[in-house]
């Protein structure tokens, strides 16, 4: 006689948590990745985030400036003063 | 962080541009190019041999938005102090 309980239902492992962590953790994770930085003026800067500081000053590489969806400028490197930043969005999977 | 260029914080980008010609984007649709002599933590800048470009958009009546005529004014200055709070972006010369 087999009195052992039936095997538990095979449940898929939970998906990797994508919403955990603090804003600081997010920023640590996006350094070195492609990002979109939107300024309060509505201008977007797309490039590789090389670093940022506590004021949210940002150094970007391979930067494209987008206004209304069209590229208006390219910069090899760009320093963006933090007070102008509205958000930083990851443009590739973390 | 960025081992290839030795940049650990954004201000390193500016420090590496001292004595070089930089592009500065300012509030009010203004742009500057000039030789960077000094900066501080506010991004106050001292530039020399500066050319300022001012974009003036004359919105035409009846024209859809974004269709106005863009006038560009330029002027040159020998030496300029830029107050940091007007700075949006600083781009050093490409280090290639």
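The values are calculated or read from the model by the stated rules, or taken from the named source; none is laboratory data. Since this is a predicted model, take the numbers as computed values, not measurements. Cβ: placed from backbone, ideal geometry, glycine included. Neighbour counts: every protein chain shown.
A few comments on the model shown:
- Scanning the range A:52-71 for residues that are in a strand (DSSP E or B) and free of Cβ contacts under 8 Å to residues at least 12 places away in the same chain, we see that the one that is nearest to residue A:28 (Cα to Cα) is A:71.
- Checking every residue in the range B:10-31 against the condition of being more than 11 Å from chain A (Cβ to nearest Cβ), in a loop (DSSP other than H, G, I, E, B) and modelled with pLDDT under 95 gives zero matches.
- Test for residue B:7: is it at pLDDT below 90 and either surrounded by 13 or more Cβ atoms within 10 Å (Cβ to Cβ) or within 8 Å of chain A (Cβ to nearest Cβ) (or both): yes
- Whichever residue in the range A:45-92 is surrounded by fewer than 18 Cβ atoms within 10 Å (Cβ to Cβ) and touching a helix residue (DSSP H, G or I) at 6+ places or on another chain (Cβ under 6 Å) and, among such residues, is nearest to the other protein chains (Cβ to nearest Cβ): A:53
For every residue, the table says whether it meets (1) surrounded by 12 or more Cβ atoms within 10 Å (Cβ to Cβ); (2) modelled with pLDDT under 95; (3) within 14 Å of chain B (Cβ to nearest Cβ).
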| residue | (1), (2), (3) |
| --- | --- |
| A:2 | no, yes, no |
| A:7 | no, yes, no |
| A:10 | no, yes, no |
| A:15 | no, yes, no |
| A:37 | yes, no, yes |
| A:40 | no, no, yes |
| A:43 | yes, no, yes |
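- Residue A:71, sole failed condition from (1) at pLDDT below 95; (2) under 22 Å from residue B:94 (Cβ atoms): (1)
- So residue B:56, is it at pLDDT 95 or above and closer than 17 Å to residue A:67 by Cβ: no
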